[in-house]
Amino acid sequence: MNQFKKFKPVLLSVLILAGLALQGHKAEAGPTKTITVAGGCFWCVEADFEKVPGVISAVSGYTGGKVKNPTYKQVTRGGTGHYEAVQITYDAGRVSLDSLLSAFFRSVDPTDAGGQFCDRGESYRTAIFVSNSAENAAAKKAKADAQAALGTKVVTPILNAATFYKAEDYHQDYYKGSSLVVTRFGPLKQSKAYKRYRDACGRDQRVKQLWGSAAAFAS
């Protein structure tokens, strides 16, 4: 009995560590899911969500329109009905859909129906695209929470998922690209061009103004 009392704390520690290890194993083995959101410039949305632990990938593309295999020029010119969107693939054992949608709302201006920040027009509007009743319920809850937090109307629609068309290769991971591109600031490496664009567009400034300390990703 005395020996058992002596080793009882050690046994308890071992059991606790084993439980944590099991939880970690379960988290790593969570199901892979996807959700598609539109938050203005897809370079920015992709860059933001690729930072989130549990996000496996974020792919820039187009969805919600009536033209098959649209190009960037077609979408940004308008008339196709497509949104610039990002398809987020995530490990549901490490990050929840509720967390992702909460971060999404707090990384955009969901009160703006005409675009986002300096980017105006239908392709830059916000939206959440859902594929089933669970996603629809999560999106509605996140939208209601965002509206309550802001105390003003949130105009971001919740839409049925449609065909997602991956954007041209040069748009993928633009924020960390090394290719030289011509910009209004002169020739710049993609990563620097992205940062100059994001700063000039006022994205982070507006998100911080709107959400304060709750702003997601705004540096």
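Descriptive notes on the structure:
- Identity of the residue in the stretch 151-170, in contact with a Gly (Cβ under 8 Å, 6 or more places away or on another chain) and surrounded by fewer than 16 Cβ atoms within 10 Å (Cβ to Cβ), that ends up nearest to GLY39 (Cα to Cα): LYS166
- Checked against (1) over 14 Å from TRP43 (Cβ atoms); (2) without any contact (Cβ under 8 Å) to a residue 60 or more places away in the chain, THR183 meets all criteria but (1).
- Looking across the stretch 168-199, just one residue is hydroxyl-bearing (Ser, Thr, Tyr) and assigned to a strand (DSSP E or B), and that is THR183.
- All positions within the stretch 171-199 that are of a type in the set (A, V, I, L, M, F, W, C) and surrounded by 14 or more Cβ atoms within 10 Å (Cβ to Cβ): VAL181, LEU188, ALA193
- The set of residues in the stretch 118-144 that are more than 18 Å from ALA214 (Cα to Cα), of a type in the set (A, V, I, L, M, F, W, C) and within 17 Å of the chain's Cα centre (by Cα) comprises ALA127, ILE128, PHE129, VAL130, ALA138, ALA139.
- Assessment of the stretch 153-161 against the conditions (in a helix (DSSP H, G or I), more than 18 Å from ALA215 (Cβ to Cβ) and either of a type outside the set (Lys, Arg) or touching a Cys at 6+ places or on another chain (Cβ under 9 Å) (or both)) yields no matching residue.
- Residues (of a type outside the set (Lys, Arg), in a helix (DSSP H, G or I) and either in contact (Cβ under 8 Å) with a residue 12 or more places away in the chain or open to solvent by 60 Å² or more (accessible area, probe 1.4 Å) (or both)) located in the stretch 200-219: ALA200, CYS201, ASP204, GLN205, VAL207, GLN209, LEU210, TRP211, SER213, ALA214
The values are calculated or read from the model by the stated rules, or taken from the named source; none is laboratory data. None of the values given here were measured: they were computed from a predicted structure. Counting neighbours? That spans all protein chains shown, and the Cβs are built from the backbone with ideal geometry, glycine included. Side chains are part of the model used for accessible areas, which takes the heavy atoms of the whole protein and leaves out ligands, DNA and RNA. Shrake-Rupley method; radii C 1.70, N 1.55, O 1.52, S 1.80 Å.
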